[in-house]
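Note sheet for the following structure.
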Amino acid sequence: MTKNTKLVFGIVAVIAVILGGYILANKKDISVETGPIKIGVSTFMSGDLAALGENIANTAQLAADEINAKGGINGRQIQLVVEDAKCDSKTGLSAVSKLVNTDKVKYIIGGMCSNGTIAAAPIANQNKVVLMTPVTGGRNVDEAGEYIFRTANSDLLAGRNIAEAMAKKGYKKVGVIAETTEYTIDIKKSFEQKAQELGMTVVIAEEFQPNTTDFRTIASKIKAENLDAILVASQTGISGGNLIKQMNTIGVKAPVFSDFLLVLNADVKKILGSFEGIHFADPSYNANNAGLRDFFAAYKTKYGKDPVVPFHSAATYDDMQLLATAIATVGDDSAKVRDWLTTNVKNYNGFMGTYSLDQSGNSDIGFTVKVIKNGQTIGM
C-alpha cells in the first residue's frame with residue numbers, strides 16, 4: 001500500500017468516525033421529532049366544577065383520537081397529559097408548572113377558572129408555552145400575555161349582554177351582587193358600565209367573599225330597594241344559590257339574572273329546588289353546526305352521556321384543531337405556532353362559530369340571555 005493510499009484510507013476513516021459520532025449525537029433529537037406531540041390539559045378535575053373539567057378532558061381526548069386516526073400531526077400522534085387545576089390560583093399554577101417543567105409540554109388546553117389562568121400565565125409566557133383556554137375569561141385573561149389565547153366567550157360581554165337584556169325589558173332600577181373572584185368581578189364591572197350607558201340606575205352594587213352562606217343583610221337591602229331586576233354573579237353558583245334562596249324566603253320579587261354556571265350546577269338546583277324564572281347569560285356557539293352535532297353524538301357513544309357544557313366542548317375541539325393545524329403548518333415550534341395563531345385565525349369557521357383571534361389572542365364571542373320557564377330554557 002502506497003503512502004498516498006494510506007493517507008486516503010486515513011482520511012476516510014476520520015470522516016467515518018466524525019459522521020458516526022454526529023449520527024449518534026443527534027439520534028435522540030431525531031427520535032423526539034418522530035415521537036408523540038404532547039398537549040397538556042389543565043382543568044378542574046375535582047371540586048364543585050369537576051363535571052366541567054371532566055367534560056373538557058373528555059372532549060380533548062376525543063378530538064385527539066380523531067386527529068390521530070387520520071395520521072396525527074405530520075405522522076406524529078397526539079399524547080394528552082391531564083392535570084387537576086381545581087378552581088384556585090395555587091393549584092392552577094401548580095398544574096401548569098408540572099406540565100411545563102416536568103412533562104415538557106409546549107401546548108396546553110387551559111380549562112381553568114380565571115384566577116388559575118392568570119396565576120399560570122407567567123410560566124407559560126416565560127417558557128414560550130402556548131396556552132389556549134376554552135372557558136370564559138375577562139379583561140385579565142385578555143391581557144395575560146402573548147402566549148395566552150382565548151377561544152371562548154368574554155366575561156366582559158356577559159355583563160354587557162345582561163345589561164342589554166334588562167334594558168330591552170324596560171328595567172330602570174337595577175342591582176348587582178358579585179362574589180370577589182376574577183371571573184365575577186369582571187362581569188359586575190362590565191354590567192355596571194353598560195347599565196349606566198343604557199340609562200339604568202344601578203342602585204345596589206355589592207360584593208361578597210367566597211364561601212359566604214349568610215346573605216340576610218344583602219337580601220333585606222334588595223327587598224327594601226324594590227328593584228326592577230338583580231344580577232347575582234358567583235364563581236360556582238353555590239353562593240349565588242344561597243343568596244337567591246334567602247331572597248325568595250323574604251319575598252323579593254325582582255327578576256333574577258345570573259351567569260351560566262349557576263344553572264348548570266346540580267348542587268345549586270338542590271338549594272333552590274328549581275331554576276324556574278331565572279335569567280342567565282348562555283355562551284354563544286355554533287349549535288347548528290352539523291359537524292358539532294356529529295361530534296356530540298360520538299361523545300355520547302364514547303362516554304355514555306352528553307357534554308355537560310356544550311360550549312366548553314365546542315371551544316376545546318376548536319383549540320385542538322387549531323393547535324394541530326398550526327403545528328402541521330409551521331412545525332413543532334411553540335413560538336412559530338403562537339405567531340401562526342395570531343396571524344392566521346381570521347374568520348375561522350369552527351364549532352364556536354365564525355370568529356377571529358385579535359393581536360392579543362382573543363376571540364370576541366358573546367352571550368345570549370335566556371330564561372327558564374316551565375322547566376325549559378328559552379330565548380328572551
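The values are calculated or read from the model by the stated rules, or taken from the named source; none is laboratory data. Please read these numbers as outputs of a predicted model, since none were measured by experiment. With ideal geometry, Cβ positions are generated from the backbone for all residues, glycine too; neighbour counts draw on all protein chains shown.
Look at ASP48 and say whether it is at pLDDT 95 or above, assigned by TED's automatic domain parsing to the domain that holds LEU323 and of a type in the set (Asp, Glu).
So ASP48 fails the test.
Against the definition (part of a helix (DSSP H, G or I), at pLDDT 95 or above and closer than 22 Å to LEU261 by Cα), how does ALA224 come out, yes or no?
no
Quick grid of which residues meet (1) closer than 28 Å to ILE118 by Cβ; (2) surrounded by fewer than 16 Cβ atoms within 10 Å (Cβ to Cβ); (3) among the polar types (S, T, N, Q); (4) outside the structural domain of ILE109 (by TED's automatic domain parsing):
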| position | (1), (2), (3), (4) |
| --- | --- |
| MET166 | no, no, no, yes |
| VAL176 | yes, no, no, yes |
| THR181 | yes, no, yes, yes |
| ALA233 | yes, no, no, yes |
| ASN242 | yes, no, yes, yes |
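Within the stretch 170-221, track down each residue that is under 30 Å from GLU143 (Cα atoms), among the aromatic types (Phe, Trp, Tyr) and either touching a Phe, Trp or Tyr at 6+ places or on another chain (Cβ under 9 Å) or at pLDDT 95 or above (or both).
PHE191, PHE208
Using the structure shown, decide if THR59 is within 18 Å of the chain's Cα centre (by Cα), over 20 Å from ILE118 (Cα atoms) and part of a helix (DSSP H, G or I).
yes
Is it fair to say GLY170 is more than 17 Å from the chain's Cα centre (by Cα) and at positive phi?
So GLY170 passes the test.
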